[in-house]
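Before any comments, here is the structure.
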Amino acid sequence: MSSILENDFPALREALGSGILSEVEFRGENTLNVSLEALPKALALCKEKLGYELLLDVSSLDHFGEDPRFEIVYELASLDDKRHLRLKAKVSEDESVPTAVHLWKAADWHEREVWDMMGIPFADHPNLKRILMWEGYPFFPLRKDFPLAGRPSEMPDVASTGVAPLEGGPFVTSPSSENNAKREPRARHQE
C-alpha cells in the first residue's frame with residue numbers, strides 16, 4: 001500500500017496552504033488536521049480530485065475545558081479500500097461546520113447524529129433534525145458535561161419492567177458466575 005503522505009498530501013498542501021495545521025502518520029493511519037475554514041475545500045478536493053469516493057464516518061470529540069471545545073472527524077476511503085484518510089478540524093461552541101451532504105449522501109445521517117448527540121450544527125444541511133433523541137430534547141448526551149445518570153425529562157417512561165421476551169430462550173446467555181463457555185446458550189443442552 002502506498003503512503004498517502006507521498007501521493008495525496010502534496011496536492012492537499014498546495015491547495016490548502018496554511019489551512020493545514022498538521023499532518024500525522026501513525027501505524028499506517030493518516031490524519032490531516034485542518035482549520036475549520038479549510039475543511040470544505042479539503043473535503044471537496046478529496047472527493048473530486050483525489051478519489052476518496054467513500055465517506056466512512058463523521059464523528060466528533062468533546063475537549064471539555066479547552067477552546068475550541070469540539071473536534072469534527074471525517075473518515076474517508078477510496079473505493080478499492082487501499083487508501084484511507086482522516087480529516088480533523090477544531091470547532092468552537094459558537095461555530096457551525098459546513099455540511100458535506102453535497103459531496104457524499106452518507107453525510108446526511110452522520111451529521112445528524114453528531115448534531116443530535118454532541119450539538120455541533122452543520123450549516124446548509126438539508127434536514128438537520130434529531131435522529132436518536134426526540135425533537136425538542138434540550139440536551140446533547142455525548143457531551144462530557146452531560147451527567148452519566150441522565151437528566152429528568154418530560155418524556156413518558158416507556159421502558160418495560162416485565163419479563164424479557166427472549167429470556168431463557170436458546171439464543172440468550174444465562175446470568176451466572178460461570179465462565180463464558182458454561183453460559184453459552186448451546187452449552188445448556190450438552191450436559
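Scanning the range 34-59 for residues that are of a type in the set (A, V, I, L, M, F, W, C) and assigned to a strand (DSSP E or B) yields V34, L54, L55, L56, V58.
Within the range 78-98, the set of residues being under 17 Å from A11 (Cβ atoms) and either without any contact (Cβ under 8 Å) to a residue 40 or more places away in the chain or within 18 Å of the chain's Cα centre (by Cα) (or both) comprises S78, H84, L85, R86, L87.
Of all residues in the range 60-71, those that are part of a strand (DSSP E or B) and either closer than 17 Å to V24 by Cβ or over 15 Å from the mean Cα position of the chain (by Cα) (or both) total 2. Scanning the range 109-124 for residues that are surrounded by 20 or more Cβ atoms within 10 Å (Cβ to Cβ) and more than 18 Å from F146 (Cα to Cα) returns H110, E111, R112, F122.
Among the residues of the range 1-46 satisfying the criterion of being of a type in the set (D, E, K, R) and modelled with pLDDT of 95 or more, which is surrounded by the fewest Cβ atoms within 10 Å (Cβ to Cβ)?
Kept after step one, since they are of a type in the set (D, E, K, R), are these residues of the range 1-46: 6, 8, 13-14, 23, 25, 27, 29, 37, 41.
Okay, now just the ones that are also modelled with pLDDT of 95 or more, so 37, 41.
Working: E37: 12, K41: 15.
So the residue we want is E37.
I need the full set of residues from the range 99-132 which are farther than 22 Å from E53 by Cα and assigned to a loop (DSSP other than H, G, I, E, B), in order please. Passing the criteria: G119, I120, P121, N127, L128, K129, R130, I131, L132.
Restricting the range 72-95 to residues that are assigned to a strand (DSSP E or B) and not hydrophobic (A, V, I, L, M, F, W, C) leaves a set whose member that is surrounded by the most Cβ atoms within 10 Å (Cβ to Cβ) is Y74.
The values are calculated or read from the model by the stated rules, or taken from the named source; none is laboratory data. No experiment lies behind these values; they were computed from the predicted model shown. All Cβ positions, glycine included, derive from the backbone under ideal geometry; neighbour counts span all protein chains shown.
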